[in-house]
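Below is one structure, written out as structure tokens; the observations come after it.
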Amino acid sequence: MRPVATAAVVEIVTLGGTIFSPPNRGRPIDALAVVLLVIAAGAVSFTQRWPVPSLSASLLCTAGYYALGYHTDSSFFIGLLVTGYRSGTAGARVRAAGFMLLTFALFAAASRLGR
């Protein structure tokens with residue numbers, strides 16, 4: 001699948017699943033949440049050419065969404081998952097492990113700040 005097509009599918013799943021899911025608790029979806037999700041999911045398009053910057057952008061936007069207290073009973077994390085998968089290749093296991101540790105650290109910090 002081409003990067004633009006992959007990004008389009010990820011955008012539809014991420015935004016559709018987040019906007020149309022009923023929020024149980026948390027901050028309601030606003031323009032900032034949509035921008036964060038569009039950037040996080042759109043980074044999928046750039047994983048082949050710039051894997052580290054695209055994964056960094058997706059990670060920071062997803063962690064920012066979480067830290068700001070938006071509702072999490074949705075598919076807000078799909079962009080980060082797909083970007084991480086496409087960025088991690090057989091020759092980049094150390095980088096993938098580093099981003100995994102960074103992801104856990106950022107979400108742990110965000111859970112303390114945003115909740």
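The values are calculated or read from the model by the stated rules, or taken from the named source; none is laboratory data. Because the structure is predicted, anything quoted here is derived from the model rather than measured. Ideal geometry is used to build each Cβ from the backbone, glycine not excepted, and the neighbour counts take in all protein chains shown.
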Residue match in the range 32-52 (condition: polar (S, T, N, Q) and either closer than 17 Å to residue 100 by Cβ or in contact with a His (Cβ under 9 Å, 6 or more places away or on another chain) (or both)): yes
Flag if residue 72 is under 17 Å from residue 16 (Cα atoms), polar (S, T, N, Q) and at pLDDT 90 or above: no
Candidates 95, 112, 49, filtered to the one that is over 15 Å from the mean Cα position of the chain (by Cα) and outside any helix (DSSP H, G or I): 49
Matching residues in the range 8-46 - criterion: being in contact with a Ser or Thr (Cβ under 7 Å, 6 or more places away or on another chain) and in a helix (DSSP H, G or I): 13, 14, 17, 18, 37, 40, 41, 43, 44, 46
Among (1) touching a residue at least 40 places away in the same chain (Cβ under 8 Å); (2) surrounded by 15 or more Cβ atoms within 10 Å (Cβ to Cβ); (3) more than 18 Å from residue 69 (Cα to Cα) - the single one residue 52 does not satisfy: (2)
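Results for (1) in contact with a strand residue (DSSP E or B) (Cβ under 9 Å, 6 or more places away or on another chain); (2) within 19 Å of residue 111 (Cα to Cα); (3) surrounded by 21 or more Cβ atoms within 10 Å (Cβ to Cβ), shown as yes or no for each residue.
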| residue | (1), (2), (3) |
| --- | --- |
| 5 | no, no, no |
| 30 | yes, no, no |
| 43 | no, no, yes |
| 67 | no, yes, no |
Residue match in the range 21-42 (condition: in contact (Cβ under 8 Å) with a residue 12 or more places away in the chain, touching an Asp or Glu at 6+ places or on another chain (Cβ under 8 Å) and of a type in the set (Ser, Thr, Tyr)): yes
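How many residues, within the range 67-92, are under 10 Å from the mean Cα position of the chain (by Cα), outside any loop (DSSP other than H, G, I, E, B) and touching a residue at least 24 places away in the same chain (Cβ under 8 Å)? Talk me through it step by step, then tell me what you get.
Here is the first cut: in the range 67-92, the residues under 10 Å from the mean Cα position of the chain (by Cα) are 75-84.
Among the residues that remain, those that are also outside any loop (DSSP other than H, G, I, E, B) are: 78-84.
Adding the requirement that they be touching a residue at least 24 places away in the same chain (Cβ under 8 Å) leaves 78-80, 82-84.
So the answer is 6.
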